[in-house]
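All remarks here apply to the structure that follows.
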Amino acid sequence: MPVVLITGGTGLIGKNLTSHLVAKGYQVIIVSRKSIRDVEKPLVSYSTWNIEEEKIEKNAIAKADYIIHLAGAAVMDKRWTKKYKQEIIDSRIKSTNLLIKALHDIPNHVKAVISASAIGWYGSDHTPLLHKDGFIETDPADENFLGETCKRWEESLHPVIQLNKRLVKFRFGIVLSIEGGALAEFKKPLRFGIAAILGSGKQIISWIHADDLCRMLIYALENEQLSETYNAVAPLPVNNKKLILKLAKLIRGQFYIPVHVPKFVLKLILGERCIEILKSTTVSNEKIKGTGFTFLYPTIDAALKELTNKKNQA
């Protein structure tokens with residue numbers, strides 16, 4: 001039974017991914033800063049690491065057949081102070097460096113490292129688009145904060161190849177999940193019957209259903225022909241207004257009021273992060289589709305319907 005080590009396994013994506021892996025019969029080792037025990041999940045075990053002290057349990061690396069690297073401080077959870085920006089960068093670079101050092105120093109049989117990156121690599125859409133379906137994997141990194149962060153993040157992974165391990169990097173789009181993240185934020189105003197459209201609402205969101213993202217990560221794990229970098233986004237991006245109004249109708253029926261939240265209000269609330277909220281980024285998924293991967297939720301209608309139904313059944 002293959003063993004998959006997950007960093008960042010206690011986060012939104014990591015928890016979902018663990019469930020998917022266990023359902024397929026994989027053993028999972030979740031690496032965490034804190035010691036955790038969970039007797040209800042016999043296929044899941046926990047290990048610890050200390051990124052600052054460059055320590056990781058040797059046994060976890062020695063047992064692993066695959067590593068899925070999701071660790072990194074949440075980008076949108078806090079204001080982008082100089083200190084938190086550095087934490088965002090360090091949490092990604094230092095954790096990657098520790099994994100590479102462990103793979104170099106500890107005898108292991110890891111076949112592949114599957115790593116998160118983000119579509120923050122790309123800047124705002126060009127007018128007209130550089131490519132008919134949006135940004136592609138060979139486009140250069142943007143020069144803004146997230147573009148530079150993703151560039152440094154992905155470059156830090158390159159030594160994996162020198163260790164003769166297969167490396168696959170996924171640039172995650174906006175992940176839609178009932179467990180939290182962007183969808184939870186979109187839903188908050190709807191409690192009061194407000195459909196909060198951000199800015200003009202025309203900005204394009206390149207998104208992906210959490211289940212499709214997890215399936216894509218496992219697909220990369222199981223298919224040796226996959227390597228290099230892929231955009232992890234659904235086939236049909238959607239603008240913010242359309243997404244919010246579709247969500248509002250599913251949750252509130254006809255009982256909601258569309259309200260545009262002006263840019264200056266978003267800037268007051270979010271600070272520099274509002275740049276990412278208002279940025280239009282159309283991203284192509286032709287490369288991953290070309291490998292044969294298929295989506296369970298290719299449209300925003302299918303994704304939101306499933307997610308709202310799931311929430312109602314919970």
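What are the residues in the range 49-82 that are farther than 13 Å from residue 108 by Cα and touching a strand residue (DSSP E or B) at 6+ places or on another chain (Cβ under 6 Å), if any? Even if it seems obvious, please write down each step before you answer.
Narrowing the range 49-82 to residues farther than 13 Å from residue 108 by Cα: 49-56, 68-82.
Residues satisfying the conditions are 49, 56, 68, 69, 70, 71.
Criterion first (over 17 Å from residue 308 (Cα atoms) and either surrounded by fewer than 19 Cβ atoms within 10 Å (Cβ to Cβ) or aromatic (Phe, Trp, Tyr) (or both)) does residue 186 satisfy it? In short, no. Residues that are over 19 Å from residue 123 (Cβ atoms), surrounded by 14 or more Cβ atoms within 10 Å (Cβ to Cβ) and hydrophobic (A, V, I, L, M, F, W, C) do not occur anywhere in the range 275-286.
When we screen 63, 58, 78, 85 for residues that are basic (Lys, Arg), closer than 29 Å to residue 144 by Cα, modelled with pLDDT of 95 or more and surrounded by fewer than 21 Cβ atoms within 10 Å (Cβ to Cβ), the only hit is 85.
May I ask you to verify whether residue 259 is in a strand (DSSP E or B) and either modelled with pLDDT of 95 or more or surrounded by 14 or more Cβ atoms within 10 Å (Cβ to Cβ) (or both)? The answer is yes for residue 259.
The values are calculated or read from the model by the stated rules, or taken from the named source; none is laboratory data. Worth saying up front: this structure is predicted, and the values here are computed from it rather than measured. Note: ideal-geometry Cβ built from the backbone for every residue, glycine included; neighbour counts use all protein chains shown.
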